[in-house]
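In what follows, a structure is listed as structure tokens, so that the remarks can point back to it.
The values are calculated or read from the model by the stated rules, or taken from the named source; none is laboratory data. What you see is a predicted model, and the numbers here were worked out from it, not measured in a lab. Note: ideal-geometry Cβ built from the backbone for every residue, glycine included; neighbour counts use all protein chains shown.
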Amino acid sequence: MSHISYVNGRYLPHAAANVHIEDRGYQFADGVYEVICYWKGKPIDYKGHIQRLERSLSELQIRQPCTMQALTVIVREVVARNRLTTGHIYMQINRGVANRAHYFPKPSVKPSVVVVTKPVAGPSDAVAEKGGKVVTAPDIRWERVDIKSVSLLPNCLAKQLAQEAKAFETFLHLPDGTVTEASASNAWMVTPDKTIVTHPADGAILSGITRATVIKLAREAGYKVEERAFTLTEAFAAKELFVTGTTSFVMPIVQMNDRMIANGSPGTVALDLRARYRSYVDTVDPATAWDL
């Protein structure tokens, strides 16, 4: 069966899917996106992703191409046509097609909508049980990282740095050493007294949907969770490090740059939270998973 994608009102074979050369998403990165985990026949935290999508559109003054209920119908159709069981859903909304000019087109043009699916899940349990490595790099992103925009070149550079170092991720940091997040995930540490720490969703990071769920699960399990900034120095001395994200779930980190974290093995807190998150996604009710 051919892979089917949705582009501006049409369901097309993926190889034939395309957008106009003057689409502002292509020329200016003038668009937003979401990546949603689809697990065993149901989307995970769909409502949270749609709410963040609406916020991103509002912050960039891109009008909604349709109601979110109508968008959900499109997404479900793409899922059905691809017979997706486990993987992820990618949706992107750009401001639309207009003559190239930096200011917003007036009158406003029709936004572009793309929806695709990929039958690719996150790192396996076997990978997580070994743990991953992170490298570090200065955070050179624009100051509105709280918007999930397609302006991702600094993130790509950071991810390439990780790839070249055979690392799982790159921790981004400010000039004073404060860790913000990773190139495509949120960064966490566990202190020697087992307090879980992650940067607050205060505009310096993208407020991760998985991050919010893991905070809730951790607190329900009795862990102390602090939403505060931490530094590279603290991270090197941490009992554990891990990252969270739609495509990584909870991934333990055992090495940062050339230094092992603690004993160099995945920590009990990270592995416990990964198990709790896996249990959470396994038990999401298919009857309500698409609810807005």
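Observations on the model:
- Members of region 85-111 found to be in contact with a helix residue (DSSP H, G or I) (Cβ under 8 Å, 6 or more places away or on another chain) and of a type in the set (A, V, I, L, M, F, W, C), listed by number: Ile89, Met91, Ile93, Val97, Ala98
- Enumeration of residues in region 248-270 that are in a helix (DSSP H, G or I) and under 21 Å from the mean Cα position of the chain (by Cα): Ala270
- Some residue of region 230-243 being farther than 30 Å from Val120 by Cα and of a type in the set (D, E, K, R): yes
- Of all residues making up region 188-206, the number that are buried (at least 16 other Cβ atoms within 10 Å of the Cβ) and closer than 27 Å to His49 by Cα: 11
- Residues in region 136-192 that are among the hydroxyl-bearing types (Ser, Thr, Tyr) and part of a loop (DSSP other than H, G, I, E, B): Ser151, Ser183, Ser185, Thr191.
- Within region 218-247, the set of residues being in a loop (DSSP other than H, G, I, E, B) and hydrophobic (A, V, I, L, M, F, W, C) comprises Ala221, Ala229, Ala237, Ala238.
- Any hit, region 190-203, residues being in contact with an Asp or Glu (Cβ under 7 Å, 6 or more places away or on another chain) and at pLDDT below 95: yes
- Against the numbered list (1) closer than 30 Å to Val79 by Cα; (2) crowded, with 17+ Cβ neighbours inside 10 Å; (3) of a type outside the set (Val, Ile, Thr); (4) touching a residue at least 60 places away in the same chain (Cβ under 8 Å), Asn155 comes up short only at (4).
- Residue check, Ile215 of a type in the set (Val, Ile, Thr) and in a loop (DSSP other than H, G, I, E, B): no
- Helices (runs of 4 or more DSSP H) completely within region 24-111 that count 1 or more residues being hydrophobic (A, V, I, L, M, F, W, C), out of contact with any His (no Cβ under 7 Å at 6 or more places or on another chain) and free of Cβ contacts under 8 Å to residues at least 12 places away in the same chain: 68-81
This table checks each residue for (1) among the β-branched types (Val, Ile, Thr); (2) within 25 Å of Gly25 (Cα to Cα); (3) at pLDDT below 95; (4) in the same structural domain as Arg276 (by TED's automatic domain parsing).
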| position | (1), (2), (3), (4) |
| --- | --- |
| Gly87 | no, yes, no, no |
| Arg95 | no, yes, no, no |
| Lys106 | no, yes, yes, no |
| Val109 | yes, yes, no, no |
| Ile140 | yes, yes, no, yes |
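- Checked against the criteria, Leu273 does not count as at pLDDT 95 or above, of a type in the set (A, V, I, L, M, F, W, C), surrounded by fewer than 15 Cβ atoms within 10 Å (Cβ to Cβ) and within 22 Å of the chain's Cα centre (by Cα).
- The listed residues are Met256, Met260, and the only one of them that is at pLDDT 95 or above and touching a Phe, Trp or Tyr at 6+ places or on another chain (Cβ under 8 Å) turns out to be Met256.
- Hits in region 124-136 (condition: surrounded by fewer than 17 Cβ atoms within 10 Å (Cβ to Cβ) and either at pLDDT 95 or above or under 16 Å from the mean Cα position of the chain (by Cα) (or both)): Lys130
- Single condition Thr244 does not satisfy, out of (1) within 19 Å of the chain's Cα centre (by Cα); (2) over 28 Å from Leu53 (Cα atoms): (2)
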